[in-house]
């Protein structure tokens, strides 16, 4: 973790408004709200708007299959050294079908031995967006062989979303949730 203590602490249940309670309780896990959700709740109007977009990226309206989405999210999380993001999405990545070997290889990047060519292309797209805020013509062409226009857009949207989330998590000092391993 970049910070050993939060700069912005998650809202506690006794601080919630009625509106927050209705929303946050419905998204709790075993009675506990994720630290990221509780932290973002400190800026409630922004958090409500953020949720709409975040649910597109992680939900059923995204055109990316979960496994490919998680490759992108884990890669940008690693590149941003966002340990909270990495830890949460290792769990989601496994649920989406990524193996522990693949998850470990994400850290090595698109040129690591063992990647399927398309998986390597997805990781390369994340690397290029992180480095240049742009997907090269070569990578775009390779993605276009399989992806629709909407899927190409969702690649950029997914990496961009989790780049921003990584910045927030790192800067706010959001701490790992209990039971979630980091790097």
Exercise for the section: Treating the angle as unsigned and between 0 and 90°, give the value, to the nearest 10°, between the Cα long axis of helix 66-79 and the longest Cα principal axis of the chain. Expected result: 80 degrees
Problem - Segment residue 18-residue 101, extension gain: residue separation times 0.36 nm, minus the distance between their alpha carbons - result: 25.5 nm
Problem - Between 0 and 90°, nearest 10: helix 44-58 axis offset from the chain longest Cα axis - result: 30 degrees
Fill in the blank from the handout: Full extension between residue 30 and residue 136 adds, at 0.36 nm per residue less the Cα distance, a length in nm of 33.8 nm
Handout entry: Length-normalised contact order for segment 1-138 - Cα pairs under 8 Å, 6+ apart - percent
Key = 19 percent
Fill in the blank from the handout: Taking the alpha-carbon centre of each part, the distance from segment 83-135 to segment 5-61 in Å is 26 Å
Exercise for the section: Once you have a ≥ b ≥ c as the square roots of the Cα gyration tensor eigenvalues for segment 66-172, tell me rounded if a/c is under 1.5, and otherwise prolate or oblate according to whether a/b is larger than b/c. Expected result: oblate
Completion exercise
So for R0 = 35 Å, FRET eff. of residue 52-residue 112 from the Cβ-Cβ r, to 0.05, ends up at 0.50
Exercise for the section: Calculate for the chain the 222 nm mean residue ellipticity that helices alone would give, adding -39,500 (n - 2.57) per DSSP H run of length 4 or more and normalising by residue count, nearest 500 deg cm²/dmol. Expected result: -19000 deg cm²/dmol
Problem - With Cα atoms, 0 to 90° folded angle of helix 83-95 axis to the chain main axis - result: 70 degrees
Completion exercise
For 37, 180, 155, ascending order of other Cβ atoms within 10 Å (fewest first) is 180, 37, 155
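None of the figures in this text is laboratory data; all of them are computed from the coordinates on show. As the structure is a computational prediction, the values presented were derived from the model and not from experiment. Because the Cβ atoms are built from the backbone with ideal geometry, glycine has one as well, and the counts that use them run over all protein chains shown.
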